[in-house]
Amino acid sequence: MSCLKESTRERMLISIGKAYSSIKLSDICAALGLDKIETIQKIKTFDWEIDEDGEYVKPKRLIETSAESSQIMMEELTSKLTDFVSFLEN
């Protein structure tokens, strides 16, 4: 169960990094279900900047590897092909 929580939190941080250029620390705490100290520890592993007041965080976008991009593209293409074949069958 702990592994699942950590994985979900990591994916949430990746999504936050893609979506925001600046976000309140309290919003990240709420999204992750962690207290402020634990959230700051997580954020430091992603090398994100925290302002002087400790109120706002500036996420850095993670660069996806080409293997991850290829996997996502293949999944999207497979999904579209499945939808198309289902349409033809009906």
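Scanning the stretch 30-44 for residues that are within 12 Å of Tyr56 (Cα to Cα) and under 14 Å from the mean Cα position of the chain (by Cα) returns a single hit, Ile43. The chain holds helices (runs of 4 or more DSSP H) entirely within its bounds, and those carrying 3 or more residues that are touching a residue at least 12 places away in the same chain (Cβ under 8 Å) and surrounded by 10 or more Cβ atoms within 10 Å (Cβ to Cβ) map to 2-19, 25-32, 36-45.
Would you point out the residue of the stretch 20-68, among those that are of a type in the set (Gly, Ala, Ser) and modelled with pLDDT under 90, that is farthest from Ser2 (Cα to Cα)?
My answer is Ser66.
The values are calculated or read from the model by the stated rules, or taken from the named source; none is laboratory data. Here the structure is a predicted model, which means the values were calculated and not measured. As a convention, Cβ positions derive from the backbone with ideal geometry for all residues, glycine included, and neighbour counts pool all protein chains shown.
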